[in-house]
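The values are calculated or read from the model by the stated rules, or taken from the named source; none is laboratory data. Predicted, not measured: the structure shown is a model, and the values here were computed from it. Cβ placement follows ideal geometry from the backbone for every residue including glycine, while neighbour counts extend to all protein chains displayed. These area figures cover heavy atoms from the full protein model, side chains too; ligands, DNA and RNA do not enter into them. Shrake-Rupley method; radii C 1.70, N 1.55, O 1.52, S 1.80 Å.
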Amino acid sequence: LQAYERRFPTCPLIPMFVASDTVSEYKSEDEAIHVIERRCKLDIDAPRLLKKIAGVDYVYFIQKNSLNRRERTLHIEAYNETFSNRVIINEHCSYTVHPDNEDWTCFEQSASLDIKSFFGFESTVEKIAMKQYTSNIKKGKEIIEYYLKQLEEEGITFVPRWTPPVACKSESSTSHPRRPVSPAINIPESATKEGLNNKEILNSSSSPSEPTAGTPDDKLDADYIKRYLGDLTPMQESCLIRLRQWLQETHKGKIPKDEHILRFLRARDFNIDKAREILCQSLTWRKQHQVDYILDTWNPPQVLQDYYAGGWHHHDKDGRPLYVLRLGQMDTKGLVRALGEEALLRYVLSINEEGLRRCEENTKVFGRPISSWTCLVDLEGLNMRHLWRPGVKALLRIIEVVEANYPETLGRLLILRAPRVFPVLWTLVSPFIDDNTRKKFLIYAGNDYQGPGGLLDYIDKEIIPDFLGGECMCEVPEGGLVPKSLYRTAEELENEDIKLWTETIYQSASVFKGAPHEVLIQIVDASSVITWDFDVCKGDIVFNIFHSKRAPQPPKKDSLGAHSITSPGGNNVQLIDKVWQLGRDYSMVESPLICKEGESVQGSHVTRWPGFYILQWKFHSMPACATTNLPRVDDVLASLQVSSHKCKVMYYTEVIGSEDFRGSMTSLESSHSGFSQLSAATTSSSQSHSSSMISR
């Protein structure tokens with residue numbers, strides 16, 4: 001143990017082990033038992049794409065070390081905290097004394113891996129996990145011997161065996177007194193049979209100086225249960241009492257109400273240990289981010305109030321608060337670019353906090369427990385633009401946070417007017433949603449919601465929103481496109497301490513007449529996939545992809561001295577030498593794609609050969625009149641304005657291995673959509689048809 005403890009809080013011999021924090025620690029009075037639980041931060045060696053899609057840079061594991069000096073055993077348990085609803089990893093190690101020779105140490109190690117779903121990357125995750133586990137086994141002995149040698153060099157070659165103390169130390173004599181933890185309350189079956197009141201059981205084991213906060217005085221009386229909690233079996237009621245009692249004795253700070261504790265118990269099928277774990281994590285998260293005060297202290301930016309197409313709208317037939325989200329009319333990309341991911345997440349948290357408040361109000365109004373709300377999502381207008389990767393990544397992170405901290409708050413989800421692109425979005429999102437939550441989804445295509453089993457089964461006719469054919473005026477904002485003038489650069493967002501995911505991957509470039517902007521990508525393995533995502537912020541451009549067997553000269557930044565123009569908003573790099581000839585020195589691998597101002601373009605290309613690929617954004621000149629060689633008047637006037645010769649693009653490119661590309665959303669065909677109409681049909685170009693065919 002002396003050697004093993006030196007691995008913490010971090011170990012230079014394990015590069016992936018970044019840091020660790022002590023979560024809890026227990027020592028018995030006679031010091032025979034020492035249990036310490038740590039939260040370990042790991043940098044897993046995983047493909048960059050997988051980390052981006054998953055939305056994490058690090059993963060966290062909980063490690064529990066139990067030392068029993070009396071029996072001379074050390075048991076180490078570890079399990080994953082990150083993605084625990086999709087991947088279950090358990091590892092157990094034990095150090096024991098050999099039964100025939102007490103100077104020998106026996107070591108046993110076992111582990112299990114259960115991958116439920118992981119965004120279509122199940123096989124990849126399995127390979128990564130097996131690789132990491134095999135590596136750990138090989139290095140385990142090397143690491144422990146390294147620290148044993150370190151102890152020997154410090155003169156520590158013997159640790160005295162534990163012996164029972166003559167008199168146990170009093171806790172009050174220690175420098176850090178520990179608050180006693182009462183054991184879990186077990187309600188005997190005889191107590192139920194004899195009619196013993198659960199309230200009496202609770203009071204008999206808790207101090208009267210610790211009143212129960214946030215609930216009526218008649219807590220757990222039959223009337224209270226019926227009025228505020230709903231039908232509970234004796235077992236479920238017992239679990240609630242025991243978990244609340246544990247919170248009162250151990251948790252510092254505000255104790256949640258019974259309704260909220262019940263949500264976590266229901267989310268884990270009333271398994272107290274599992275419910276306690278996720279509830280404690282959530283309470284810590286709420287305290288760190290001051291979520292309890294978000295409705296009182298945070299005002300949503302005006303952009304959200306104007307363009308976030310969602311809001312509360314009366315209630316459903318069961319009395320649940322009804323939230324309406326017109327996702328198809330919402331410019332998710334514009335919101336992320338204008339606000340950043342953090343502001344969107346905070347806004348969704350405020351919506352959930354408002355939902356909890358409305359549930360309490362409706363419980364009082366209807367006289368029965370209402371602990372969840374109904375969400376109505378209208379997908380009219382959903383198109384390929386909504387599958388913008390950073391936007392989907394932001395959505396997945398929001399789902400992750402909401403699933404972890406607001407379990408069992410969604411009573412029903414009604415998805416209306418689902419278009420043909422919806423299955424793609426559902427494939428991306430569904431693995432991140434809890435199985436119990438998915439069972440509450442009802443999906444209607446076209447106008448099916450107007451027929452039998454549709455909206456009228458769940459919502460009164462009088463409150464069906466007008467945009468769905470009802471008579472009730474809905475005050476939910478209509479959304480629409482966020483003006484590009486509201487977009488902010490990464491530097492602006494960074495100055496406001498807002499974490500924007502795109503701040504490290506998007507670059508700005510200026511394109512001039514006669515001076516295209518070019519990006520070099522070296523491909524080693526054939527069948528790699530080059531992906532791109534760019535916005536044409538100003539002017540019209542032509543997008544090209546070229547291949548060359550030899551590397552171009554080092555890139556030179558164009559000084560543009562002839563135009564006397566500087567470009568503070570973006571750089572300009574030219575790679576193709578003027579002496580190069582198309583067809584001899586380099587070749588075109590995709591047909592040129594003309595992109596108009598305001599368009600967003602996403603696509604991919606599966607490479608056929610290794611070598612050097614050049615992505616080029618070139619100024620698009622207006623064509624002359626078809627019936628004459630003379631230029632048009634408009635062209636002449638435009639040529640007199642230097643600014644008309646300048647275009648601006650914001651772009652992001654990435655190279656993905658073909659095995660990682662399979663199942664990724666970038667396997668969709670290259671597409672571009674205009675900003676003029678959010679719900680307009682998105683056209684797919686044929687330039688990158690090979691990518692989607694091969695990736696399938």
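Is there any pair linking a residue in the stretch 60-78 that is on the phi > 0 side of the Ramachandran plot to one that is β-branched (Val, Ile, Thr) and in a strand (DSSP E or B), with Cβ under 6 Å and at least six apart or on different chains, and which?
Pairs found: Arg72/Val97.
Could we say that Glu102 is open to solvent by 70 Å² or more (accessible area, probe 1.4 Å) and at pLDDT 85 or above here?
no
Those residues that are more than 28 Å from the chain's Cα centre (by Cα) and of a type in the set (Gly, Ala, Ser), I need them from the stretch 221-267; list them, please.
Correct list: Ala222, Gly230, Ser238.
The rows are residues; the columns are (1) over 21 Å from Ile62 (Cβ atoms); (2) in the same structural domain as Tyr406 (by the TED database); (3) among the polar types (S, T, N, Q); (4) outside any helix (DSSP H, G or I).
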| site | (1), (2), (3), (4) |
| --- | --- |
| Leu243 | no, no, no, no |
| Glu249 | yes, no, no, no |
| Leu265 | no, no, no, no |
| Ser282 | no, no, yes, no |
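Give me the residue from the stretch 142-162 that is surrounded by fewer than 16 Cβ atoms within 10 Å (Cβ to Cβ) and over 21 Å from Glu102 (Cβ atoms) and, out of that set, modelled with the lowest pLDDT.
Looking at residues that are surrounded by fewer than 16 Cβ atoms within 10 Å (Cβ to Cβ) and over 21 Å from Glu102 (Cβ atoms), I get Glu142.
Quick one: which residue in Ala338, Ala267, Ala309, Ala275 is open to solvent by less than 10 Å² (accessible area, probe 1.4 Å) and under 29 Å from Ser238 (Cβ atoms)?
Ala275
Would you check which residues across the stretch 55-99 are among the small types (Gly, Ala, Ser), at pLDDT 85 or above and buried (at least 16 other Cβ atoms within 10 Å of the Cβ) and list them?
Step one: of the stretch 55-99, the residues among the small types (Gly, Ala, Ser) are 55, 66, 78, 84, 94.
Add one more test, that the residue is at pLDDT 85 or above, and what stays is 66, 78, 94.
Across the stretch 55-99, the qualifying residues are Ser66, Ala78.
So that you can scan it fast, the table gives a plain yes or no per residue for (1) modelled with pLDDT of 85 or more; (2) over 19 Å from Arg488 (Cβ atoms):
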{"position": "Gln281", "(1), (2)": "no, yes"}
{"position": "Arg286", "(1), (2)": "no, yes"}
{"position": "Tyr307", "(1), (2)": "yes, no"}
{"position": "Gly319", "(1), (2)": "yes, yes"}
{"position": "Gln329", "(1), (2)": "yes, yes"}
{"position": "Gly340", "(1), (2)": "no, no"}
{"position": "Val348", "(1), (2)": "yes, yes"}
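Could you please find all residues in the stretch 295-330 being over 22 Å from Thr363 (Cα atoms) and of a type in the set (A, V, I, L, M, F, W, C)?
Trp298, Val303, Leu304, Ala309, Leu325, Leu327, Met330
Just checking, which of Ile255, Ile261 is buried (at least 17 other Cβ atoms within 10 Å of the Cβ), assigned to a loop (DSSP other than H, G, I, E, B) and among the β-branched types (Val, Ile, Thr)?
Details: Ile261 fails: assigned to a loop (DSSP other than H, G, I, E, B).
Going through Ile255, Ile261 in turn, the sole match is Ile255.
What strands (runs of 3 or more DSSP E) completely inside the stretch 353-469 contain at least 2 residues that are more than 28 Å from Tyr293 (Cβ to Cβ) and open to solvent by 30 Å² or more (accessible area, probe 1.4 Å)? Step through it out loud before you land on a result.
Details: elements: 373-378, 410-418, 441-445.
Qualifying strands (runs of 3 or more DSSP E): 410-418, 441-445.
For residues that are open to solvent by less than 30 Å² (accessible area, probe 1.4 Å) and closer than 28 Å to Ile128 by Cβ, scanning just the stretch 17-35, find the one that is modelled with the highest pLDDT.
Ser20
Do the conditions hold for Arg346, that is, is it open to solvent by 10 Å² or more (accessible area, probe 1.4 Å), among the charged types (D, E, K, R) and not in a helix (DSSP H, G or I)?
Judged against the criteria, Arg346 is not a match.
Looking at Ser110 and the list (1) open to solvent by 60 Å² or more (accessible area, probe 1.4 Å); (2) in a helix (DSSP H, G or I); (3) small (Gly, Ala, Ser), which single condition is not satisfied?
Failed condition: (2).
So which of Leu500, Leu520 is at pLDDT below 85 and under 30 Å from Val336 (Cβ atoms)? Give the derivation first.
Details: Leu520 fails: at pLDDT below 85.
It is Leu500.
In the stretch 221-252, how many residues are open to solvent by less than 20 Å² (accessible area, probe 1.4 Å), among the hydroxyl-bearing types (Ser, Thr, Tyr) and touching a helix residue (DSSP H, G or I) at 6+ places or on another chain (Cβ under 8 Å)?
1
Any residue in the stretch 122-141 that is at pLDDT 80 or above and open to solvent by less than 70 Å² (accessible area, probe 1.4 Å)?
Looking through the stretch 122-141, none of the residues is at pLDDT 80 or above and open to solvent by less than 70 Å² (accessible area, probe 1.4 Å).
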